[in-house]
Every structure is written in structure tokens, then in C-alpha cells.
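The values are calculated or read from the model by the stated rules, or taken from the named source; none is laboratory data. Bear in mind the structure is a predicted one, so any value in this text is a computation, not a measurement. Note that we place each Cβ from the backbone using ideal geometry, even for glycine, and neighbour counts take in every protein chain shown. For the accessible areas, the whole protein counts, side chains as well, though only heavy atoms, and no ligand, DNA or RNA atoms are used. Shrake-Rupley method; radii C 1.70, N 1.55, O 1.52, S 1.80 Å.
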Amino acid sequence: MGDMTNSAVDFYPKNQRGESNHAGEFGCSLNELRSFMELRGSEAVQKIQDTYGDMNGFCRRLKTSPTEGLAGNPADLENRRQTFGRNFIPPKKPKTFLQLIWEALQDVTLIILELAAIISLGLSFYQPPGERSEMCGSAAGGVEDEGESEAGWIEGAAILLSVICVVFVTAFNDWSKEKQFRGLQSRIEQEQKFAVVRGGQVIQIPVSEIVTGDIAQIKYGDLLPADGILIQGNDLKIDESSLTGESDHVRKSADKDPMLLSGTHVMEGSGKMLVSAVGVNSQTGIIFTLLGAGGEEEEKKDKKGKMQDGNMENSQNKAKKQDGAAAMEMQPLKSAEGGDGDDKEKKKSGTPKKEKSVLQGKLTKLAVQIGKAGLVMSAITVIILVLYFAIDTFVIQKLQWLPECTPVYIQFFVKFFIIGVTVLVVAVPEGLPLAVTISLAYSVKKMMKDNNLVRHLDACETMGNATAICSDKTGTLTTNRMTVVQAYVGDVHYKEVPDPDTLPSKSLDMLVNAISLNSAYTSKILPPEKEVGLPRQVGNKTECGLLGFVLDLKRDYQTVRDQTPEEKLYKVYTFNSERKSMSTVIKMQDGSFRMYSKGASEIVLKKCSNILNTAGEARVFRPRDRDEMVKKVIEPMACDGLRTICIAFRDFPGSPEPDWDNENNILIDLTCIAVVGIEDPVRPEVPEAIRKCQRAGITVRMVTGDNINTARAIAIKCGIINPGEDFICLEGKDFNRRIRNEKGEVEQERIDKIWPKLRVLARSSPTDKHTLVKGIIDSLHGERRQVVAVTGDGTNDGPALKKADVGFAMGIAGTDVAKEASDIILTDDNFSSIVKAVMWGRNVYDSISKFLQFQLTVNVVAVIVAFTGACITQDSPLKAVQMLWVNLIMDTFASLALATEPPTEALLMRKPYGRNKPLISRTMMKNILGHGIYQLTVIFTLLFAGETIFNIDSGRNAPLHAPPSEHYTIIFNTFVLMQLFNEINARKIHGEKNVFDGIFRNPIFCSIVFGTFAIQIVIIQFGGKPFSCIPLQIDQWLWCIVLGVGELLWGQIISSIPTNRLKFLKEAGHGTQKDDIPEEELNEDAEEIDHAERELRRGQILWFRGLNRIQTQIEVVNTFKSGTSFQGALRRQSSVTSQNQDIRVVKAFRSSLYEGLEKPESKSSIHNFMTHPEFRIDDSQPHIPLIDDTDIEEDVALKQNSSPPSSPNKNNNAIDSGINLTTDTSKSATSSSPGSPLHSLETSL
């Protein structure tokens, strides 16, 4: 260690000379701090002692004070930023517009079009020798005068132009999406504030303004914004998994392991740290720089041609900057070593999201199906055209293929190819991703106004499918403004805040000290901002309520705190979800210790053996006194919806000093000072919001750490439970007892019995919350999988928020860890904002469906027209450029118009769609086919009879490069106008009659429809050759418009046909869940479907079912014979049918089947299908009581007697029964149980 010190000292002067003169002002250089932060644990403590003496020495070197912090004058702060860097990790450069254009050009269909256009251009400039033209066949001839042949290039150029249009639109969309995302990102980062001490005052500053040398206050739930060294800590535990991958929490203390790293989470405790490295120099920053997120230098190197570091470059492309510097996911590092980066990897490291969202899954599937169909159609089109041309030219006209005719023929083939590609372009719905993006981006922007800050785009759409919301109580359903309204002090229950003179003075002093010292010093009550307003509560709201109580008792908590500053607190046991209490130990003047404790009343009272009486003296507090107090004080308070908090103390002798780490011996023998009831009123808008949720088919459940009576009272006030309903309210421990089997493992079947009726889970731990959420999500109860949203604010809610389909974190009360794990942040912590999120989510889904309905109608019609036209007239009635214009209307404009419809309250009047609801419902399919039929009828009538109706020349069979005809112009115009009017029809997808309803609430829609109409007029009147158009007369225009308006009338006719009459309609775009299961299986057991079951053929299932039945019967018979516990049999098999089966049959089966079963390997395999509830023969007696205490005792007795082999199966006891039968029939038959058989019969029945 000595050498190290010397080297450090030698290293000093040189380094300062080397660095800019700034470093000279401070006693440490940047490099020294950087290398120091790489030490861990005892090495770091040793280094501090050797180099700096102690932490005060270190602070002096950095010119700061451990108690006062930095002075905070701007010049000094700027100087520190210059010397040690800013606390900011530069984000990766966004893609430039040119890069985005290049990416948009990668689209396969566009590439095909570009090639076709370039070939077409090349051939149009090549003039074959004219005089031989006759020999190349009549098809090539025709009216080809000079002016026309020169205009041949226009078609190719026009295709190129429209491709450029599409590319620019796509690139612009991507660019604005990226920009929006970055804006969102910076907003999340700006909102993150941190508490630092400057000039002796604790202030909140944005994370980016923290500088090296700051003294930061850290507490439970913080995400550390910079590296630092712990100066003073209370019971501090850090989750360093984001940096080290170790999931265990690391204990930190100033004397053992003081190193705190940025990007890690504080899971317990509190403390103060000296900031020693910020931004790019912190541990997170160093990793980001390695990943290329902060390194432009590496890019410059790469440009110089240093390509030996290939891996590095790959990782740079991959490491997408995630949610702020905080979300240091380690995936990019792994891929950096691998170096085989591809886009998938990019996506992976970009968002650590659950799975593809429901909508994306359905859309991808649908797009692939449509694309395949389009490809087939376009291939057939090209083949038919080529064959027709070849047969016509070489077989019927019997011409030879002459070398000089080759260019002419090739020109024909290129024309056919372009027609084929056009069909494909129209068929492929490349507007789909665009519509989804626009819709989501628009919703996200608008949701900001509704206090929803969306962190993951797809969460917005998942929210529309939510079927269950598990909400916290405090702060979400209630206002989170705690006030003490009742108290029990000195054997008297005060129904309102007592007058301080009526209280015994000893008790009063004790109470004031206990509250003032045993609460985080960051919790304060500040004067109101407005004169008439309420005092502001800063910090933990429950503690603020208690401090407010001290102020109501005409005392000042600050004077008590000033006498015992935070540094003098001897030991602090911070609040956590296991303890459910907080305790602080202080050293008295005489050397003895006093510990103040506060926490949930029933938990702290259990540890009390004394209580202060009316005189303020301690008297004995026996268990029966406690029960009486619970009945007379705590339950009445809880039934008024109050949280009850017990405040207690205990004195310890100075010597021998107690072993503070042995909590079990410390937190007992307390003396109760008082019990207070804290009110947290329900937010006024919550009951209405919950009613809306229930109408919309969403079940709201309350999960809280509070007393069950309090929780029930609040739930009734909110309307979560209504009198007369069939529901369950449970406490955490009851919940656990009911869902776990004898081995303490959670069983899905047991959860399925509870969650459908569960409305309130009280006194729950974070693990209970996670178990409940997981249980509901994995449940196969009911016809569809539940989509669960969860709200959370605490660090320990992280797992539940991550597990849920949508996690909501609280923007005000939420800890950084919770925000990190969430998908949406509620900026006002209000439950009613969740309802808005549901509305927006459903709106996204509907917008996409509207767009699909419109797009598919156009697709179907355009493809059929191009295909039949090409086959019958060898030329598509809609030209390539016209198709591209239709494509543009269809894709880009329609997606803009239909995806920006604002949501209406009506969305909350229907049930959620669920995961397996197809994107295209039968009503939509009816609309698509209905409008398709109308449009095809109109277009084919115009195509084959148009010339006679309008008395114009026929445009059919026109030669190559022929001038545009009025006939085809009318067809094109009518087609586009029909699409325009059908766009209005597409606004409604549930078969509503009034399609104009609320149309003016969406200005974007109106402007797009009118804009498209205006451009269409320009194209027809002035488009000329490139668009193959010819100006139309006014009467022709009127006819086109009439045919277009016909769409609206036809739409009314379609909507009046009842969908259920049209049995032949199929839905499309299903979810991806249950596709693989045959229908009959689904229907037979729609109750519960297990994935494992699919692996088994039906035969096997029946076979095992039969076996199972026989087994049950044997077991029942044996049980009755021996008269022992009947319950095991009953619990295992719910119903018993015919009992007169021959038992001998079984023995034959047994030997063959169960030989394999006894070996563990085969056990697990048989478990696969046994988990499936189909083996539980129909439940005729579902009401078997859940394990009750008596049952447990008996089970234990049975186990001791008959010790059956354990089975790996967690979901169904059928297999246990099977194994017991074969191995232990004799034993279990004769085993005696302590309870009488009759008793066990009662408990189980």
C-alpha cells in the first residue's frame, strides 16, 4: 500500500503541470479521481486514509465542506465544470436527414420501381431503326408519330419522381419521430431533480447541474446521478445490478465500502455523499463512451481508416442511447464483444421491453399476408401479359425474332414489368407502419396534455386493451396530503386533534421528540406558496402528516432537530417493506441510548410491552390489553378510512452497548407513546374515473400496504367495491396462505380461484403485488388473457411495474427506480389520468382499424382492376404513375387523416378488445367487400362501356406510347373520387350510420380531404402526359363526382345489412396467441387452456383421463375403507363419477404406466400435460374450501406419516395423487391421522 501512496504523491506535481492550471486550484486531478473511483470496498477506504487522511481531508482537497456543501457561487461552479466536466453524457448523434432518406430507399418495392423506371428511361432514349418497324409485328405499330415517341421518357421520369416523393415523406416522418422522442427524452431528464447541500441549505437542482465536490443527499428510491463517496449513511443498501449484474443488494457504509456509482439504485436507507466524478468521467459515462454513445473521437478515428477495431464500430452503431444515462442496460456491451451487429440487435439494446405489443403482432401478420397475395397477383399479371404478347406476335402473326427488333420487344417487356410492379406497389400496404407511427406519435403528444408522459410508444396502444388495473391507494386514489385527525394518547381516544394542555407533559415531550427525530430530515412543512393555500408538504407525506401534528400541538419540530442534527443520530433503521417501521437511536447525555420507533400500528403494538398512562408513566401492556386496543381504537379509526401509526420508544443502557445489528433483540419491549389516525382524503375525481373504468370493462383492484379496514373504507369511498357485490378483500398473509401449497410454492390454480373476485389486497408486500400481477397475467381463467396495468411509486414496485403489460409510475411521488421500470409516467399522480390513457389507447387501435378498412378497400379494387385490365386489354387501365398517386393518397394522406381522429367518451362504453380480437372485424370485412363491389362495378362498367356512355373514343388496346385518352382519364378520376368519399365512410368502423359525426373536430382530416381533391383537379386538368391524363369537360367532372358521392349512399345501404346474417365473412389479422390450437379443443375447455397441452395428442389425453378417473375411485374407496382423511382425495379430484368400475383393471395399467413415473425424468415430462386442467374432470363441486389452518396441521401429520415422493408439479395435484397411489397405497390407507376422520370430512367439505 505504501508504494501506492508514494506514487500518488509523486504523481501530483507532474500531473498538475500537465493539466490546465485549473487543476492546480484543487488538491486532486481529474485522472486521479477517475482512477480512485475504480477501487472498491476496503481498498478505497485504505486509499482515502493513505492519501487524504480521512473524508474531511478529501473534502478539503476538493474545496468543499461535508456539512455546508459548496458555497454555490457561479464562478466556482463554472470552474469545476471546466476542470472535472459537466454531469451530462452527450447523446449519440441523431441520424441526419440524408441517412434517413438512404434508409427509406432500402424498401424493396421502391428499389424494384426504381430499376423499372431506369430501364424504361434507358429504352425510351434508344430509337430502333424506323423502317424495319413493320417486321416487328403489328403490336408494336400503331399511331406512333414523332412527338409521341419523344415523350416516351416521361413515364420513367414520373415513376422516379413519385418514388422520390414517397422517400421524402417517409424520411421526414422518421425524422420528426426521432425529434419527438429526443424531446421527450430531454423532458424526462430535465424533470429529474436531486437534493444537494449548498451554502448549508438543502436545495433541489436538475441532475445536469451537479458538479464534482457537491454534497448530495441520497435516500431510498434514488437513482444515483453521479459517482461519489459516502460521507455518512444510515442502513444504506444499493442495487448495483445495472453495472455489475449482481442482483444482491450491496451494503454501503463510510468505514467499509463507501464507493457509490452512478446509474445504481438506492434500495434502502439514506445518507450523504461527496460527488467525485460526473458525466463522461463517471462509471456509467465511461461505459457509454466505450459504447460510442459519448465518443465522437472514435468515429473520427474510424474515418481515418483504422478499421482494425471492427467490433468497436459495430457496437457504436448498436448502442442506441436509451432512456437517459440512467437506464444503463448492459446488452450493448455483450454485443460489442460479439461484434456481429445487425438491426435486431439494435432494437434489442434499444428498448428492454416485454414483448412485441399486441397491435404490432397483429399488424405484422396481416402485412405479410397482404404482401404475399400482392406478390402472387403481380407475378400472374406479368406472366399473362408476356405470354399473351408472345403468342400474339410469334404464333398468330408467325413473325421471326429479328435482332433489330430486340429493343422494341424489350420495351414491351419493360412495360409489362412496370405494370406488374405497380400492382405489387398498390397491394403492399407500406402505409401501415406509417399509420401506426403517426397515430402513436400524435397520441403521445396529446397524452402529454392529459398528464401521461409515455416512455414506450407501444404502451399507449396496449393500454387500450387493459382489462385490469392494480392501483396503489396512497397518492393515486387519494390526494396524498396526510393530516392527523384522531389520536390515542395517555389512555384517551381523542376524535380530533387534542389541545396540548390536556395531554400529560411527559407524554407530550416524548411524542414531539419521537416524531421530530425519528423521521427523515428531508421531510419538512414549508409555508404555503399562496397566502390562502395549505402549508406545503415536502418529503415523505406520512412523516409530513406527523410533523403537522407536532405543529398543531403548538410545538416546533425544527428546534428539536437543531439540538440533534442528522450527523448525531447514532443508528437509523430505515423504513422498508419487511420491517414496516422506522427506528432511530440517539445517544443521551448520560451515555445511555434511546430508540424511537414508528410504524404500522398492529405491527409496532405487537412489539410493545408497556404503554404510557394518563400521568405519562409507563404501565404494563399485556396481549389482552392489545386486543382490546385493537378493537376499541385501531379498528374504529381504520373503519373511518384512517391510516393508524403507532409511536413508541425504548431505553437501552450505555454499557454494555447493545448489538445493533441483531434487530430481533432491539425492536422488542417497546413502550407505546401514542397511536394516531392519519387521514388521506380520496381525490374528488377518482370515484367517477373508477366508474368509467368499470363501464369500460376494466376491473380496478387496490393493492396497498395499509390496514385492511382502512383499505376497505377507502375502496368503498372510491367505488372499487359496492355494497351487495360478490368480492374478496384480503390481507397479504391470507393471500399468501391461500395461493401457496404445502411446500410454500405459488400455485397458478389457487391464484385463479382468488383473483377474479379479489378487489382489495391490504398489508401487502411488493412481492405480493408482483405475485398478483404475474398470477393474473399468466392466468388462463376466462376466455382471454388479461392485460394488466399497474401503478407504483416505490422502489420495490419495480418488479411489478416491469412484469405488468403497462406500468404507470408516479411523476411526483415516484422514485427514480419506479420511473425507470415504468412505461408511462403520470405527471400529476392522478388515477383519472389512467382513464385518459385507456381512452387514447383504444383510440389508437380504432384509428389503425379505420385506416386498414380504407386501405384494404383501395388495395382490393386497384389490384383487381390492374390485373383484369392487364389480362383483357394488355394494359392496366390505371397507369404506374397514377397508381403511385393513389398509393400516396391511400398511404400517407389517409394515415394522417384517419390516424389523428381525437378520442371520444364513447370509446369507454365498450369492453376491451383483448389479445385475440382480430384487427379486421366482420363488420369491417363487410364494409371492405361491400365498397369493393361497388367500386369494381363502376370501374368495369366505365372500362368496357365507357366510350358509348360518354360518347368518346375507346382507350382500350392503345399502342405503346399512345397519347392519353379521355376514356382512361375518366376511369382514373372516378377511381380517385370514390376513394375520397370512401375515406369519409372509413371514419366509422362499428357500423354507425352517421359518418359525418364529429368530422369538424378533426381539422387535419378536413384539410386532407379538400387538399387531395384540389390536387386531383390539378393532375387531371394539367397533368398531361406524365400522369397519362387529358383535361375533362365540366359534365364529365360532374359524372365522376356523382359516382364518387354514390360511395356515401352505398355506405348507408351496407351499414343497414346486419353483419350476423353474412355467415361467410371471415375475420383477419388475429392475435398470435392461440392460433395453433384446433377449434374443438378451444371450445371444449374454454375455461382454461395450458400451452403444454398442445403437445399432447387427443388420444393420449383421453387415455390419461380414464386412468385418472379410475385412480380417483381407488383412492376414494381406500379412504372410505380406512376412514382416514378423506380430504386429500377430495381436494385432489373435484368430482367422482361412476364408482362401480373394476379396480383390478388399474393394476394392469399401473404396472405399465407408473414404472416410468417413478423415475424423476419421466415425472417432469408427464407433468407437462398433467398441468392441464382438462384432467380435472368437470368441476361439479367447485366450492372446496381453501387450505384452512386445521387442514395444514392435518396435512403435516399426513406427510410425517406417509411421506410420499415429492413431485415437480406445481399446477395440479392429480399427479401427486397418482404417485401416492402406486407407491403408498398401503401406507396411506393405514396411516392414522391425529384428527378424527369426521373432523377432516367437515373441514374439507
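Each residue of the stretch 53-65 in order: what ³J(HN,Hα) in whole Hz does its phi give by Karplus 6.51 cos²θ - 1.76 cosθ + 1.60, θ = phi - 60°, with x for Gly and Pro?
x, 7, 5, 4, x, 4, 4, 5, 4, 8, 6, 9, 10
Short version: ³J(HN,Hα) in whole Hz for each residue of the stretch 996-1006, in order, from phi by Karplus 6.51 cos²θ - 1.76 cosθ + 1.60 (θ = phi - 60°), x for Gly and Pro, what are they?
These are the phi-based 3J(HN,Hα) values: 8, 4, x, 5, 7, 6, 10, x, 4, 4, 4 Hz.
Which of rounded, prolate or oblate describes the stretch 209-259 when judged by the alpha-carbon gyration tensor and an a/c cut-off of 1.5?
Verdict is oblate for the stretch 209-259.
Obtain the nm distance between the two label points defined at residue 42 and residue 509 by a simple spin-label model: each point lies 7 Å from its Cα along the Cα-to-C-beta direction.
4.6 nm
Which far-off residues, 5 or more places away or on another chain, put their amide H under 5 Å from the one on residue 470, with H placed in the peptide plane?
Result for residue 470 returns 701, 789, 790, 791.
Length gain on complete extension for the stretch residue 372 to residue 733, per 0.36 nm per residue less the alpha carbon to alpha carbon distance?
Value of the extension gain: 124.5 nm.
Take the alpha carbon gyration tensor of the stretch 883-933, find the square roots of its eigenvalues, order them as a ≥ b ≥ c, and report rounded if a/c is under 1.5; if not, report prolate when a/b exceeds b/c, else oblate.
It is oblate, given that a/c is not under 1.5 and a/b is not larger than b/c.
Go through 844-850, 40-46, 374-380 and give me the packing order, highest mean Cβ count within 10 Å leading.
Highest-to-lowest ranking by the protection proxy: 844-850, 374-380, 40-46.
Give me the distance in nm between label points sitting 7 Å out from Cα along the Cα-to-Cβ direction at residue 182 and residue 164, one decimal.
Spacing of the two 7 Å Cα→Cβ label points: 2.6 nm.
Compare the peptides 231-244, 1015-1028, 451-464, 652-665 by average per-residue count of other Cβ atoms within 10 angstrom and give them in order, highest first.
451-464, 231-244, 1015-1028, 652-665
Is the stretch 509-641 rounded, prolate or oblate when judged by the Cα gyration tensor, a ≥ b ≥ c being the square roots of its eigenvalues, rounded requiring a/c under 1.5 and prolate requiring a/b larger than b/c?
Oblate, since a/c reaches 1.5 and b/c is not below a/b.
Quick one: with all protein chains in place, what share of the accessible area of the stretch 612-674 is carbon or sulfur, to the nearest percent (1.4 Å probe)?
On the stretch 612-674, the fraction of accessible area on carbon and sulfur atoms equals 47 percent.
When N counts the residues of the stretch 991-1030, how does its alpha-carbon radius of gyration compare numerically with 2.2 N^0.38 Å, as a ratio?
That works out to 1.67 for the stretch 991-1030.
Nearest 20 debye, what's the magnitude of the dipole of the stretch 383-521 about its Cα centre given +1 on Lys and Arg Cβ and -1 on Asp and Glu Cβ?
With Lys and Arg at +1 and Asp and Glu at -1, about 460 debye.
Using bins 5 angstrom wide from zero, how does P(r) for the stretch 751-880 break down, in % of all Cα pairs?
Bin by bin from 0 Å, the calculated values are 2, 10, 13, 14, 14, 10, 7, 5, 5, 5, 6, 5, 4, 2, 0, 0.
Would you mind putting 561-574, 633-646 in packing order, based on average other-beta-carbon counts within 10 Å, highest first?
Ranked from most to least packed, the peptides come out as 633-646, 561-574.
Amide H neighbours of residue 486 under 5 Å, at least 5 residues apart or on other chains, H built in the peptide plane: list them.
Hits under the 5 Å cutoff: 677.
Filter the cross-link list 449/988; 63/272; 372/1063; 836/1066; 362/988; 362/911 down to pairs whose alpha-carbon distance in this structure exceeds 24 Å.
449/988; 372/1063; 836/1066
Just to verify a number: FRET efficiency for residue 495 and residue 828, C-beta to C-beta distance, R0 = 45 Å, to 0.05?
According to the calculation, E is roughly 0.85.
Hey, what's the Cα Rg ratio for the stretch 358-463 versus the globular rule of thumb, 2.2 N^0.38 Å?
1.81
Considering only Cα-Cα distances, which of the following residue pairs are longer than 22 Å: 607/632; 568/607; 769/819; 850/917; 571/598?
Where the Cα-Cα span goes over 22 Å, the pairs concerned are 568/607.
List the residues whose amide H sits under 5 Å from the amide H of residue 235, counting only those 5 or more places along or on another chain, with H placed 1.01 Å from N in the peptide plane.
It is 572, by chain and number.
Starting from 0.36 nm per residue, how many nanometres of slack lie between residue 401 and residue 1017 once their C-alpha separation is accounted for?
Here the segment from residue 401 to residue 1017 would lengthen by 217.3 nm.
DSSP loop (so not H, G, I, E, B), at most 14 other Cβ within 10 Å: list which trypsin sites (Lys or Arg not before Pro) in the stretch 986-1075 pass both filters.
993, 1063, 1066
Working out 0.36 nm times the residue gap between residue 1067 and residue 118, then minus their Cα-Cα distance, what length gain in nm do you get to one decimal?
Here the answer is 337.6 nm.
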